[in-house]
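*Asks:* Encoded as C-alpha cells, here's the structure I'll be asking about.
The values are calculated or read from the model by the stated rules, or taken from the named source; none is laboratory data. Being a predicted model, the structure only gives us computed values, none of them experimental. Neighbour counts are summed over all protein chains in view; Cβ atoms, including those assigned to glycine, are modelled from backbone coordinates with ideal geometry. Ligands, DNA and RNA are excluded from the accessible area calculation, which covers all protein heavy atoms including side chains. Shrake-Rupley method; radii C 1.70, N 1.55, O 1.52, S 1.80 Å.
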Amino acid sequence: MKKRLLYIFALSFFGLAIAALIAFYDVSKENNKPAMAVVADNFGGAFNLTNQSGEAVTEKDFEGQYRLIYFGFTYCPAICPTELQKISAALNMLNEKGDKIQPIFISIDPERDTVDVMREYVKLFHSRLIGLTGTVEQAKAAADAYKIYYAKAKDDTMHEYTMDHSSFIYFIDPEDNLLRIFKTEDTSEDIKNFINTIL
Ligand code: NI
C-alpha cells in the first residue's frame, strides 16, 4: 500500500515536471520569435542621389520598406546584369510578397551612368526597379554608407575603363536591419526562399 502511494506520488511529480518543461519551452519559443538573426542593424546611411526620372532621392524615401539593394554599373558586361536578373526573377516568383519589396540599383560609375542611361537600363530588368545615380561624390558617399568597394580598372579589350566592385545583394527590412547578403553564388531561388521565411 505504502509502495503504491509512493509510486503514484512519483508519477504525478514526473507528470508535473513534464508539464512545467513544456510550459517553459512554449514561453521560450514565444520569446525567441522576434529575435531573428540579423547580419547588421542600423545598416546603410544617408545618401543624396537622383532616380531614373531625374528626381532627388534620399535614404528617407525608403524608410519603412523592405529593400533589395544592388550597387553596380550599367556598362558591366556580365555580373551586374546577372544579379539584377536574379532580383527580378525572385520578386516575380514571390508574387504579392514580392510587391512588398523595393528593388534598388545604385550606380558606382555615375560618370557614364547618367539619368538617361539609368532610365533605359532599369527597364530591362523590372518594372519597379529604381535606378539611382548622382555626382561622383554622391555615389561615393552612398557606396561608403553601404560598405561597397569599387575602383576604376583598365580594360584591355576596350578603349574605355571598367569597374571593379563588390557584388552584394542586400536584403534590408523596414527598420534598416540588414537581414541577408546574397552573393554571386546565390540563385534567385535562394533569394525567394529566404524572403519566404521572413515575409
Ligand atoms: Ni558589375
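*Asks:* Given the conditions (1) touching a residue at least 12 places away in the same chain (Cβ under 8 Å); (2) hydrophobic (A, V, I, L, M, F, W, C); (3) not in a helix (DSSP H, G or I), report the number of the one that A153 does not fulfil.
*Replies:* Failed condition: (1).
*Asks:* Okay, next question. Restricting to region 64-97, name every residue that is part of a loop (DSSP other than H, G, I, E, B), farther than 21 Å from M163 by Cβ and over 14 Å from the mean Cα position of the chain (by Cα).
*Replies:* Selection gives L94 alone.
*Asks:* Tell me the residue from T184, T133, T162 that is within 13 Å of Q52 (Cα to Cα), touching a residue at least 60 places away in the same chain (Cβ under 8 Å) and hydroxyl-bearing (S, T, Y), please.
*Replies:* T133
*Asks:* Given the residues V117, V136, which is the only one that is within 16 Å of the ligand (Cβ to nearest atom), over 16 Å from the mean Cα position of the chain (by Cα) and of a type outside the set (D, E)?
*Replies:* So the residue among V117, V136 that is within 16 Å of the ligand (Cβ to nearest atom), over 16 Å from the mean Cα position of the chain (by Cα) and of a type outside the set (D, E) is V117.
*Asks:* I've got another one for you. Restricting attention to region 181-188, does a residue exist that is away from the ligand (no atom under 13 Å from the Cβ), of a type outside the set (D, E), in a strand (DSSP E or B) and in contact with a strand residue (DSSP E or B) (Cβ under 8 Å, 6 or more places away or on another chain)?
*Replies:* Among the residues of region 181-188, at least one is away from the ligand (no atom under 13 Å from the Cβ), of a type outside the set (D, E), in a strand (DSSP E or B) and in contact with a strand residue (DSSP E or B) (Cβ under 8 Å, 6 or more places away or on another chain), which makes the answer yes.
*Asks:* I'd like the full set of residues that are over 17 Å from the mean Cα position of the chain (by Cα) and either among the basic types (K, R) or within 15 Å of the ligand (Cβ to nearest atom) (or both), limited to region 139-148.
*Replies:* Those that are over 17 Å from the mean Cα position of the chain (by Cα) and either among the basic types (K, R) or within 15 Å of the ligand (Cβ to nearest atom) (or both): A139, K140.
*Asks:* Select from region 156-174 the residues that are of a type in the set (A, V, I, L, M, F, W, C) and either within 13 Å of the ligand (Cβ to nearest atom) or modelled with pLDDT of 95 or more (or both) and list them in ascending order. Don't jump to the end; show me each part of the working.
*Replies:* Quick first cut of region 156-174, residues of a type in the set (A, V, I, L, M, F, W, C) only: 158, 163, 168-169, 171-172.
Scanning region 156-174 gives M163, F168, I169, F171, I172.
*Asks:* Determine if region 85-107 includes at least one residue that is within 9 Å of the ligand (Cβ to nearest atom), modelled with pLDDT of 95 or more and open to solvent by less than 10 Å² (accessible area, probe 1.4 Å).
*Replies:* There is no residue in region 85-107 that is within 9 Å of the ligand (Cβ to nearest atom), modelled with pLDDT of 95 or more and open to solvent by less than 10 Å² (accessible area, probe 1.4 Å).
*Asks:* Restricting attention to region 108-136, which residues are out of contact with any Pro (no Cβ under 9 Å at 6 or more places or on another chain), surrounded by 22 or more Cβ atoms within 10 Å (Cβ to Cβ) and not in a helix (DSSP H, G or I)?
*Replies:* Within region 108-136, I108, D109, P110, D113, G131, L132 qualify.
*Asks:* Quick check, is S53 away from the ligand (no atom under 13 Å from the Cβ), at negative phi, in a loop (DSSP other than H, G, I, E, B) and polar (S, T, N, Q)?
*Replies:* Working: away from the ligand (no atom under 13 Å from the Cβ): yes; at negative phi: yes; in a loop (DSSP other than H, G, I, E, B): yes; polar (S, T, N, Q): yes.
It is true that S53 is away from the ligand (no atom under 13 Å from the Cβ), at negative phi, in a loop (DSSP other than H, G, I, E, B) and polar (S, T, N, Q).
*Asks:* When you scan region 54-77, do you find a residue that is touching a residue at least 60 places away in the same chain (Cβ under 8 Å), out of contact with any strand residue (DSSP E or B) (no Cβ under 9 Å at 6 or more places or on another chain), surrounded by fewer than 20 Cβ atoms within 10 Å (Cβ to Cβ) and closer than 12 Å to G131 by Cα, even just one?
*Replies:* Yes, the conditions are met somewhere in region 54-77.
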